[in-house]
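Before any comments, here is the structure.
No lab work stands behind these numbers, since they all come straight from the coordinates. Note that the structure is predicted; figures quoted are calculated from it, not measured. Every residue, glycine among them, receives a Cβ derived from its backbone with ideal geometry; neighbour counts consider all protein chains shown.
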Amino acid sequence: MPREYKIASMPGDGIGPEVIDAALDVLDAVAQYSGQFSLSFDNLPWGSEFYKATGTYLPSDGLETLKKYDAVLFGAVGAPDIPDPVSLWGLLLAMRGPLQQYANVRPVKCFSSIEPVSRHVRPKDIDWVFVRENSEGEYAGQGGRTHRGFDWEVATEVAIFTRHGIRRIMRFAFETAASRPRKLLTVVTKSNAQRYGLVLWDEIVEEVSKEFPDVKWDKMLVDAMTVRMVRNPQSLDTIVGTNLHIDILSDLAAALAGSVGIAASANIDPTRKSPSMFEPVHGSAFDITGKGIANPIGAIWSSAMMLEWLGEKESCTLVMNAIERACAECNTTRDLGGKLNTKQVTAAIISSIGK
Ligand code: ATP
Ligand code: MG
């Protein structure tokens, strides 16, 4: 009997549906090619249109619904007429926390034929995995505003760091580094200026590193890290940092590797008690929505990460090799300097599966 996986597909807003359609087509094709497993998809219509119709992004039983699935494939959320914090907190952050998806994994590499944007960077220099703390830190949602509208108005945005939260992400990062050939981890902090949370972060790195004697690790302040990524990219492999720091650094990384359109991510619950969620790094990109030109590689790569997480490692490799081949043959969208549209790139990737 082939293995069966139930997937929740949540295309969301903007180009989300266009790139998730592409990912579903590739998943269907690779499942068929492999013959070892089958995937069933349920479409969950949660996003900004759903919010406008019902007043909520996530239905009250939404989290319970999601727990019935083996994994979630997510497109993007956000609309021009809804403030970003409303959509972000209404859907994405409302899922990541309760589903305990505390590790956000963002691999970055430069595919063949894609020119890195910096002359300091050669394509083979970029093969990184970012591990972002995804449950606390600067996006803990703690803070408030007083004296609204007055000159003496005050707003606080409190970053929360817990020993438990730091230790679990640090272990995940060391495990990730240990699983890669170079066994190299860079820990990003800003503990020269942030005296409490990131000093605790520094202390816990020292403790956890003792559990992983095979991993070589070093520490970088986040500002110096931006320079190192551009000037000395080949010195990096696995990188771990806080919610805010890795959010920013991984966007820089995606741009260095060619386009945010190819960047993939996974929101992982390493305990496997809840389904993990796989999504392209880019947002809803309303400037190109409906034109059929969105780069589907970020979503397709994310779906390959989903296959790997489900245990279908061979099929993950098939998809990654197909992306590599399509790029090598210059079958890319405009953001990468190509001429193809979303459907043509998807077809090129599908026809490369197993070749
Ligand atoms: P969000 O607030 O959700 O992050 P955003 O508008 O700030 O959304 P993106 O939606 O990621 O950010 O878009 C940033 C830029 O990158 C836009 O110009 C967009 O057209 C471009 N872009 C994003 N995703 C893609 C893609 N898949 N293919 C091509 N271009 C893309
Ligand atoms: Mg953005």
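General remarks:
- Cα-based Rg and Dmax for region 180-259, where Dmax is the largest Cα-Cα distance (Å): 12.9, 37
- Relative pair counts by distance (%), Cα atoms of region 201-355, 5 Å bins: 2, 8, 14, 17, 18, 17, 13, 6, 4, 2, 0
- Among ASP61, ASP218, ASP28, the largest mean-square fluctuation in a Gaussian network model of the chain (Cα springs under 10 Å) belongs to ASP61.
- Note on the chain: dipole from Cβ charges, positive end direction compared against PHE111, PRO233, PHE172; the farthest Cα belongs to PRO233.
- Two-decimal Rg to Rh for region 123-248 - Kirkwood Rh, Cα set: 1.05
- Model label sites at SER179 and VAL158, defined 7 Å from Cα along the beta-carbon direction, differ in position by 3.5 nm.
- DSSP bridge orientation in region 95-241 - percent antiparallel, rounded to nearest 5: 50 percent
- Whole-number D in µm² s⁻¹ for region 239-319, Kirkwood Cα-pair radius fed into Stokes-Einstein, 10 °C, 1.306 mPa s: 114 µm²/s
- Ellipsoid semi-axes in whole angstrom, largest first, where each is sqrt(5λ) of the Cα gyration tensor of region 6-123: 28, 22, 14
- For region 177-228, GluC sites (Glu not before Pro) meeting the loop criterion (DSSP other than H, G, I, E, B) and having at most 13 other Cβ atoms within 10 Å: GLU211.
- Simple label model, 7 Å out from Cα along Cβ direction - ARG272 to LYS216, nm: 3.2 nm
- Under Stokes-Einstein, with the Kirkwood radius over Cα pairs as Rh, the value for region 164-222 at 10 °C and 1.306 mPa s is 137 µm²/s.
- Each 10 Å bin, from zero up to the one with the longest distance, holds this percent of the alpha carbon pairs of region 1-63: 20, 41, 26, 12, 1.
- Summing charges over neighbours of ALA304, with a neighbour being any other residue whose Cβ is under 12 Å away from its Cβ, gives -3 when K and R count +1 and D and E count -1.
- Equivalent ellipsoid dimensions for the chain as semi-axes, Å, which come from the Cα gyration tensor, largest first: 30, 26, 21
- Tail weight of P(r) past 12 Å, computed on alpha-carbon pairs of region 40-88, percent: 66 percent
- Longest DSSP-loop-exposure-free segment, chymotrypsin sites (Phe, Trp or Tyr not before Pro), the chain, at most 11 other Cβ within 10 Å: 197-355
- Where both bridge residues fall in the chain, DSSP classifies roughly 40% of the beta bridges as antiparallel.
- Cα gyration tensor of region 237-277 - equivalent ellipsoid semi-axes, whole Å, descending: 23, 13, 8
- Model label zone, ALA53; criterion: amide N under 12 Å from point 7 Å along Cα-to-beta-carbon; scope region 78-100: none
- Amide H contacts under 5 Å for LEU73, placed H, 5+ residues apart: ALA8, SER9, MET10, PHE278
- One Cα centroid belongs to region 180-239, the other to region 291-311; the line between them spans 28 Å.
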